[in-house]
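Structure, as structure tokens:
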Number of protein chains: 2
Amino acid sequence: MTADLSQGPVCPVPLSHRETIILGHGSGGKLTHELIRTIFGKWLSNPYLDQGDDSARLPMPDGQLSISTDAHVVKPLFFPGGDIGRLAVCGTVNDVAMLGAVPLYLTASFILEEGFAISDLDKIVQSMADAAREAGITIVAGDTKVVEKGKADGVYISTTGVGVIPNSRKMQISGSAAQEGDVILISGSLGDHGIAILSARNELAFEVALESDTAPLNGMIEALLEVAPDVHVLRDPTRGGLATTLIEIANQSKVDIAINEINIPVKEPVKAACEMLGFDPLYLANEGKLIIILPENQAQRAIEALRAHPYGRETSMIGRVSSAKDGSPEVTLLTPYGSTRMLTMLAGEILPRIC
Amino acid sequence: MTADLSQGPVCPVPLSHRETIILGHGSGGKLTHELIRTIFGKWLSNPYLDQGDDSARLPMPDGQLSISTDAHVVKPLFFPGGDIGRLAVCGTVNDVAMLGAVPLYLTASFILEEGFAISDLDKIVQSMADAAREAGITIVAGDTKVVEKGKADGVYISTTGVGVIPNSRKMQISGSAAQEGDVILISGSLGDHGIAILSARNELAFEVALESDTAPLNGMIEALLEVAPDVHVLRDPTRGGLATTLIEIANQSKVDIAINEINIPVKEPVKAACEMLGFDPLYLANEGKLIIILPENQAQRAIEALRAHPYGRETSMIGRVSSAKDGSPEVTLLTPYGSTRMLTMLAGEILPRIC
């Protein structure tokens, strides 16, 4: 993803309290934003990096390029519904597609730990090939490094995706394009990936029959844009979950967002695990879900197109966009009890190495 | 870099002897090639990945894209003449430029170890910004993950570069374009990076006054192509060194290559370290050197242009290309004693985590 560096001053932040990296810096929440602003933003700020979308929009003669990168350190490497290979392809394909781009090319660089089983690597690379085929993306370059035993954890994979945003797209899809009156859709149930990973780590005291939702979403996005060409925002709620992602969008677009908990699909095993562990599904990671923000008059066709796609069967309208009341964008949740609460960004790390 | 998958059969290799990754798999030598052919090639082979150059050549409306990726795990993170940040930018810029492309965009993904000093990260990211500025490339996207203490080694950085090969380039510069009669230039002394890293690790019993040559080479390449537009091959001899890189080129182009040791520049401290440790400078890594293969009639202007550039002052003509005598390409070295020896690919790892 690219970094939104526009949110506030560069230096006077509590980073000075910390001399070392902590796990929360990789959470996708507040500490990550702080790190991006104070370190990466300070040295690297430029109009492309500052766009703040999942992928950078870059000028190109015919259409525009969409380029995105992600490191993948998920633990365990194999989990119900996927593995680090499928995740590394889908995660980046999805980021590239979030600008309405057609993903074209993918690069992959591997950091391998001495002693890692070649048979496991074999499975992982096969899985990458399968996922790339499903997404219609071509893996065009790669690199491999090996570090000593105890200096990695099996394998880490960084992928970079390059796509083209066709000139035929009328709208400039972006996290900053949400408008008053828009409605908000989610393409399916929340938290499947987060809880599936937790379960695969044997950190749950009970069995759950649950698979990660890891999937390439570009095909579903194509189907969506065919019937709803005026989509304003596309975003996949990965690390940090739906809540963090909506807060990012509200800040980028300078709007208020209100969502209704009763309309947000959450599977029973996810609900059960969350109740037991004190997690909130709104903050759990997803790897195959799509947030869509679009004008209300295209919402019905959009929902129909999404529900007709295998990855969008449970698509639901979950909220609305309104103008920011006091200049400070807010995301509020209407609970099933009729009360509302303001959503805030994840402060620390709830599930390290979720992707 | 991309993988040359065209060199031989896919399965019957001695990989079966090994159930686990060893350090040599990251050496850039024989074991790396074996791993690429048997694992990555098996699952990912496609015309782009199979090109076998430092960067993948991809169709684009105006000009062609050049895309390359590299993971960087150098140890130590800071060394005389550079750091992992400068290395991560220059390494990928150089790979992109090796097709004669103008590097445009760079992505960077970071894997950080819990407990890593933020002040060190700060220095590294600044160094990346400086190197990117020098290379004229824009860092357009990034990602950060954090792993537990003991699951990385400070920081690992994967970078991906995207460049454009202008339509005005007459030649298709590639490792497969070397021709009988071509001459071979090297832009400066060998082994500076390898020995500087070794020295920074305190693995030498003596002091060396030596800096790594880590540098972006795209500016020098532009100056070169202006006076010598018919360059056939550009390649930077990084992991595996000059010998391994020339063997790769000989195999890609199906030609013989002969080089003359007496013309190959090696600095005194590098010579001394190699003699003491039993290393061969031809196999040591370089991060700011360029191999140029071009028609003899453009060699003189090329040498003048290269020597006029700060990174090419010691440019030397080191050898020639001839037709492969028996269909099996060979690289031979003429020693100062008048004998010749055949160069073979690095079999294992001599310096782990050199880049």
Query raised in the report: Ignoring ligands, DNA and RNA, what percent of the 1.4 Å accessible area of region B:219-335 is carbon and sulfur?
Result: 51
**Report entry** Burial order of peptide ranges A:314-326, B:144-156 (average beta-carbon count within 10 Å, highest first)
**Finding:** B:144-156, A:314-326
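How high is the relative contact order of region B:140-254, in percent, with contacts defined as C-alpha pairs under 8 Å that are six or more residues apart?
Rounded, it is 40 percent for region B:140-254.
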Query raised in the report: Of A:Lys289/B:Lys149; A:Lys145/B:Lys325; A:Lys149/B:Lys145; B:Lys75/B:Lys289; B:Lys75/B:Lys145; A:Lys123/B:Lys289, which sit over 28 Å apart, Cα to Cα?
Result: A:Lys289/B:Lys149; A:Lys145/B:Lys325; A:Lys123/B:Lys289
Report task. Find the centroid of the Cα atoms in region A:117-176 and in region B:109-124, then give the distance between the two in whole Å. Result -> 23
Query raised in the report: Mind listing the phi-derived Karplus ³J(HN,Hα) values for region A:183-189, rounded to whole Hz, using 6.51, -1.76 and 1.60 with θ = phi - 60°, and x for any glycine or proline?
Result: 10, 10, 10, 10, 7, x, 6
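Taking beta carbons within 10 Å but only from partner chains, what does the mean come to for residues A:71-81?
3
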**Report entry** Using a Förster distance of 35 Å, the FRET efficiency for A:Leu277-B:Phe78 (Cβ separation, nearest 0.05)
**Finding:** 0.25
Report task. Summarise the partner chain shielding of B:121-128 as one whole number: the mean count of Cβ atoms from other chains within 10 Å of each residue's Cβ. Result -> 4
Query raised in the report: Between B:Asp236 and residues 5 or more places away or on another chain, which pairs have amide H atoms under 5 Å apart, with H built 1.01 Å from N, and which residues are they?
Result: B:Ile291
Query - Over region B:253-355, relative contact order from alpha-carbon pairs under 8 Å, at least 6 apart, % - result: 47
Report summary line: Regression test value, accessible area per residue of region B:182-342, probe 1.4 Å, units Å², expected 38
Report summary line: For A:Asp143, other-chain or 5+-apart residues with amide H closer than 5 Å (H placed, Pro excluded) are A:Ala108, A:Ser109, A:Phe110
**Report entry** Amide proton proximity set for A:Val266, modelled H, under 5 Å, gap of 5+
**Finding:** A:Leu190
Report summary line: Rounded to the nearest 100 Å², the accessible area hidden between A and B, summed over both chains at a 1.4 Å probe radius, is 6700
Query raised in the report: How large are Rg and Dmax for region B:194-324 when only the alpha carbon atoms are used, in Å?
Result: 15.5, 46
Requested in this report: May I ask you to list the residues of region A:261-296 whose amide nitrogen lies under 17 Å from a point 7 Å from Cα along the Cα→beta-carbon direction of A:Glu304?
Outcome: A:295-296
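Taking 8 Å as the Cα distance limit and 6 or more residues as the minimum spacing, I'd like the relative contact order of region A:205-285 as a percentage.
Relative contact order, region A:205-285: 39 percent.
The values are calculated or read from the model by the stated rules, or taken from the named source; none is laboratory data. Source: prediction; values computed, not measured. Please note: Cβ atoms are built from the backbone with ideal geometry, for glycine as well, and neighbour counts cover all protein chains shown. For accessibility, only protein heavy atoms count, side chains too; no ligands or nucleic acids. Shrake-Rupley method; radii C 1.70, N 1.55, O 1.52, S 1.80 Å.
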